[in-house]
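Remarks on the structure that follows.
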Amino acid sequence: MLETKGIAKIYGTGPKATHALEDVSFTVTDGEFVCVVGPSGCGKTTLLKCIAGLMRPTRGEVLLRGKRVVEPPEELALVFQDYSRSLMPWSTVRNNVLLPLRHKRLSTAERKALVAESLGSVGLTRFIDHYPWQLSGGMQQRVAIARALAYQPAILLMDEPFASVDAQTRGDLEDLVLRVREQYGITILFVTHDIDESVYLADRVVVLTHSPTTVKEIVGVSLPRPRDQIATKELADFINLRGHVYRLIRRELTPVTSVDAVPNSGTPV
Amino acid sequence: MRLRRITDVLIFVLSIVAALAFWEAISRTGVISEKDLPAMSTTFSELWDLMQTGTFWHALLQTARGWALGLGVAAALAIPIGIVLGSSDFAARAFRVPIEFLRPIPSAALIPVLFLTLGTTLQSEIFLAAFGAFWPLLIQTIYGVRDVDPVALDTARSFGVSTFEGLYRIKLPSAVPYIATGMRISSGVALILAFTAELFMGNPGLGQKVNVAQAFGLENQLYAYALATGFLGLAIHVVSTAAERRALRWHPSQRAVTA
């Protein structure tokens, strides 16, 4: 349903140009959970912005249900890493969740129901009249997730959503995302730099090279669902997959010493 | 904690008492003659007497009206214009020269022009107050709108929020702290200029009363009216601080106060 075809993003022109993305292609099918991992600075956020229609790729195109994405599509909702900047501090939790619903053609009762349902599914019903800054970081990110869910997207894009919360909260939020995915039956594209997280959550993991970025490998994850923070991570398959992705990325991180470590250099690897 | 509160109040009261006592002393001891500076007690009793008259309250209301209308006109113009200039690089560049040219003109320099054009009318007082109050508010609004968080704007855009809706749901609220600061600065400027218009152009109000008292050598009255203007400024400050607190109860600077 979601296709990226040869996405490239180049900032500036001439010899000083920065090639953030060189050639990124992958697809996400309906109902799939796809994680994108890559070394830091490989242009993950740039890629997500192109997919979300917030930025135009220099080359290539993004197709959502066969339609080219040129502006933020209605079927798509975005959860940012930085919840404190993405939530409006002057509005209550209720009004933050209402933001994407106000211009939708819905009755007041329907809006109310959507807000109640989405806040219920992230366990924040009691905090509907609080301000975001009265909540903990993890709770704020749950508000942002509820807001995205209330928008009723077909596909949810998440940009390192749990990078600024503590490890325990992170585990809880990962499970929460898996749960709401079952409940809402949505497709999720999840960008992260955390390899464990990507293998734990995904059906497939798209591993990127460092900048200029291409797709290094797409790793299928056939771990059983529902997943469990302890049991799943103890499985031999999990450990193998994690190790495999780790090696792919570590090779990207080590300094370029031999010809075969240079991606796209034209030399047969 | 309690002790700290008590000391705070004590310092507040004592500083006022000390200032008033100092005033009383330098006048009574003749450091500055009572003719040039009437004693504190004389001035306050003069003010008390004036407060029994309708003329005093009328003058006070006229000055307050000049302030309110001047600030109102300034806000009605500066905030929308500031939003436009803050949102559009093109508009900002197009208007930079006229703004930087007009802004440093001292408002008092307009008095002769106003004399010749609008004369001693309420309009001229409002114009003067509004002119002075316009600039700080305009600059604050421009910076406020520019400082809006790009993540907040991207969030709104990704949810299909229109540019116009984003303006009043994201840009304007996030500029409110800047606008509030601008209002505080402009409020003081507007009061000073309303008073100035009355003092130099003879528009009715406290400034005119001060001018008349000076012309007739009524020092006690002169100081009493000056004191009244000070109290008007203080009252405006207290009310606007409370309003600012309410409008910004979500802002980090005010959270400690509300929570």
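The values are calculated or read from the model by the stated rules, or taken from the named source; none is laboratory data. Only a predicted model underlies this, so the values are computations on that prediction, with no experimental measurement involved. Glycine gets a Cβ as well: all are built from the backbone with ideal geometry, and neighbour counts include every protein chain shown. Heads up: the accessible areas ignore ligands, DNA and RNA and are worked out on the full protein's heavy atoms, side chains in. Shrake-Rupley method; radii C 1.70, N 1.55, O 1.52, S 1.80 Å.
Report, in degrees rounded to the nearest 10, the 0 to 90 angle that the Cα long axis of helix B:122-146 makes with the longest principal axis of chain B.
That helix lies at roughly 40 degrees to the long axis.
Please get the size of the charge dipole for the protein assembly as shown, origin at its Cα centre, with Cβ charges of +1 on Lys and Arg and -1 on Asp and Glu, quoted in debye to the nearest 20.
Computed charge dipole of the protein assembly as shown: roughly 440 debye.
Using a 1.4 Å probe and ignoring any ligands, DNA or RNA, find the accessible area of B:S240 and quote it in Å² to the nearest 10.
40
Using the beta-carbon distance between B:A76 and A:H130 and R0 = 45 Å, what value does 1/(1 + (r/R0)^6) give for FRET efficiency, to the nearest 0.05?
Using R0 = 45 Å, I get an efficiency of 0.85.
Would you be so kind as to identify which of A:S222, A:Y83, A:P39 lies farthest towards the positive end of the dipole of chain A, taking Lys and Arg as +1 and Asp and Glu as -1 on Cβ and the Cα centre as origin?
The Cα lying farthest towards the positive end belongs to A:Y83.
Could you tell me how many degrees, from 0 to 90 and to the nearest 10, lie between the Cα long axis of helix A:108-121 and the main elongation axis, the longest principal axis, of the Cα atoms of chain A?
With both axes taken from Cα atoms, the answer is about 60 degrees.
So what does log10 I(q)/I(0) come out to for chain B at q = 0.09 Å⁻¹, using the Debye formula with one equal point on every Cα and no solvent?
-0.56
Leaving ligands and nucleic acids out of the surface, order A:T58, A:T213 by accessible area at 1.4 Å, largest first.
The residues order as A:T58, A:T213, largest area first.
Please report the net charge: other residues with Cβ closer than 9 Å to the Cβ of B:E125, K and R +1, D and E -1.
Local charge sum for B:E125: 0.
Among B:M51, A:M1, what's the order by accessible area (1.4 angstrom probe), most exposed first?
The most accessible residue leads, giving B:M51, A:M1.
Going by Cα centres, the stretch A:140-154 and the stretch B:104-118 are how many Å apart?
56
Among the residues of the stretch B:160-180, which ones have their accessible area go down by 50 Å² or more when all the protein chains sit together, as opposed to their chain alone (1.4 Å probe)?
In the stretch B:160-180, residues shielded by partner chains: B:R169.
Ignoring ligands, DNA and RNA, please state the percent of accessible area on the protein assembly as shown from carbon and sulfur, probe 1.4 Å.
61
Per the helix-only calculation at 222 nm, which mean residue ellipticity applies to chain A, given -39500 (n - 2.57) for every DSSP H run of n ≥ 4 and division by its residues, nearest 500 deg cm²/dmol?
Result for chain A, helices only: -10500 deg cm²/dmol.
With a 1.4 Å probe and all protein chains left in place, how much accessible area per residue does the stretch B:129-259 have, in Å²?
Per-residue value: 45 Å².
Report the accessible surface area buried between chains A and B, summing both sides, using a 1.4 Å probe on protein heavy atoms only, in Å² rounded to the nearest 100.
2100
To the nearest 10 square angstrom, how much accessible area does B:I16 have with a 1.4 angstrom probe?
80
Using heavy-atom solvent-accessible surface (probe 1.4 Å) with all chains present, what is the largest-first order of B:T53, A:T192?
I get B:T53, A:T192, largest accessible area first.
Provide the solvent-accessible area of B:F22, counting protein heavy atoms only and rolling a 1.4 Å probe, rounded to the nearest 10 Å².
Around 130 Å² of this residue is reachable by solvent.
Just want the answer: with Cβ charges of +1 for Lys and Arg and -1 for Asp and Glu, which residue in B:F101, B:T53, B:Q254 is farthest toward the dipole's positive end in the stretch B:46-258?
It is B:Q254.
Each label point is 7 Å from the Cα along the Cα-to-Cβ direction; what then is the distance between the points at A:H19 and A:E74, in nm?
About 3.9 nm separates the two model spin labels.
Label points 7 Å out from Cα along the Cβ direction at A:R111 and B:L14: separation in nm?
My value for the distance between the label points is 5.6 nm.
What is the angle, in °, between the Cα long axis of helix A:236-253 and the longest principal axis of the Cα atoms in chain A? Nearest 10 is fine, range 0 to 90.
60
What dipole magnitude, in Debye to the nearest 20, does the stretch B:46-258 give about its Cα centre under +1 on Lys/Arg Cβ and -1 on Asp/Glu Cβ?
About 580 debye.
Suppose only helical runs count, i.e. DSSP H with n ≥ 4. What mean residue ellipticity at 222 nm does that imply for chain B under -39500 (n - 2.57) per run, divided by all residues and rounded to the nearest 500 deg cm²/dmol?
Mean residue ellipticity, 222 nm, calculated: -27000 deg cm²/dmol.
Just to confirm the filter: which chymotrypsin sites (Phe, Trp or Tyr not before Pro) across the stretch B:95-150 are DSSP coil and have at most 10 other Cβ within 10 angstrom of their Cβ?
none
So how strong a dipole does the stretch B:94-213 carry about its Cα centre when Lys and Arg Cβ are +1 and Asp and Glu Cβ are -1, to the nearest 20 debye?
Value, rounded to 20: 40 debye.
How much net charge surrounds A:S211 when only other residues with a Cβ under 13 Å from its Cβ are counted (Lys, Arg +1; Asp, Glu -1)?
0
If you take the charge dipole of chain A about its Cα centre, with +1 on Lys and Arg Cβ and -1 on Asp and Glu Cβ, which of A:T29, A:T18, A:L173 is farthest toward its positive end?
Value: A:T18.
Give me the 1.4 Å probe accessible area per residue for chain A, excluding ligands and nucleic acids, in Å².
With all protein chains present, chain A gives 45 Å² per residue.
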